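Asker: Have a look at this one.
What follows is calculated from the coordinates using simple rules that are stated; it is not laboratory data. Everything numeric in this text was worked out from a predicted model, so none of it was measured. For neighbour counting, all protein chains shown are included, and Cβ atoms are generated from backbone atoms with ideal geometry for every residue, glycine included.
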Amino acid sequence: MRKFLVVLDDTRECLNAMRFAALRAAHTGAGVTILSVIPPEEYQHWIGVAEIMREEARERIEAHFEVYAKWMRDKQGIAPELIIREGEPAAEILAVIREDPQIGVLVLGAGSDKSGPGPLVTHLSRSAASLPCPLTIVPGDLPKERLEEIT
């Protein structure tokens, strides 16, 4: 089964990327994999503190995932899977795509503020020609109704 890979993070535009992935998956009989990446800690010499921070990050990610997963199950009939990785986000995204040949599309949300679309969109779109799958960028300000029309 083909899958859409979508990134779960703390950005506003993440919501539209989740919606798009779930709606497209529901309309095409595909699945959804949600990836969340915990960035490397800057203070590795505080190992006990780093472990607590990592565990708190995992708990926060799982709580956010459950909100999206419930909506996907209840409204779209999709049962998403969650992958949590630690490392640099772009590198971990590419690693997950390479490890799972069923991932057919990477879906990212683009920020709409004056600082640009966001670091992941900027980084991955620059290397779009060499990505192992298509990249779909969903505008963060696209209204929900328009998103539903498109998908």
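Asker: By how many degrees, between 0 and 90 and to the nearest 10, does the Cα long axis of helix 47-71 differ from the longest principal axis of the chain?
Answerer: Taking Cα atoms only, the helix is inclined about 10 degrees.
Asker: Need one number: nm distance between label points at Arg126 and His27, each 7 Å from Cα along Cα→Cβ, rounded to one decimal.
Answerer: Reported label-point gap for Arg126 and His27 is 3.2 nm.
Asker: Something else now. Let me know the Kirkwood hydrodynamic radius for the stretch 1-43, please, with Cα pairs as the basis and the value in Å to one decimal.
Answerer: After inverting the pairwise mean of 1/r, the radius is 11.4 Å.
Asker: So how tilted is helix 89-99 from the main axis of the chain? Cα-based, degrees 0 to 90, rounded to 10.
Answerer: Tilt relative to the chain: about 60 degrees.
Asker: To the nearest 10 degrees, how steeply does helix 14-28 sit against the main Cα axis of the chain, on a 0 to 90 scale?
Answerer: Rounded to the nearest ten degrees, it is 50.
Asker: So, one more: Where does the chain land on Rg/Rh, using Cα atoms and the Kirkwood Rh?
Answerer: Taking Rg over the Kirkwood Rh, I get 0.97.
Asker: Counting Lys +1, Arg +1, Asp -1, Glu -1, what net charge surrounds Glu62 among other residues with beta carbon under 12 Å of its beta carbon?
Answerer: -2
Asker: Suppose only helical runs count, i.e. DSSP H with n ≥ 4. What mean residue ellipticity at 222 nm does that imply for the chain under -39500 (n - 2.57) per run, divided by all residues and rounded to the nearest 500 deg cm²/dmol?
Answerer: Calculated from helices alone, the mean residue ellipticity at 222 nm is -14000 deg cm²/dmol.
Asker: Considering only the chain, what is the antiparallel percent among its DSSP beta bridges, to the nearest 5?
Answerer: The antiparallel fraction comes to roughly 0 percent.
Asker: Sort out the exposed loop chymotrypsin sites (Phe, Trp or Tyr not before Pro) in the chain (DSSP loop, at most 15 other Cβ within 10 Å) and tell me the longest stretch that has none.
Answerer: Between the exposed loop sites, the longest stretch runs 47-151.
Asker: Next up: List Ser130, Ser36, Ser125 from most exposed to least, where exposure is judged by having the fewest other Cβ atoms within 10 Å.
Answerer: Listed from fewest to most nearby Cβ atoms, that is Ser130, Ser125, Ser36.
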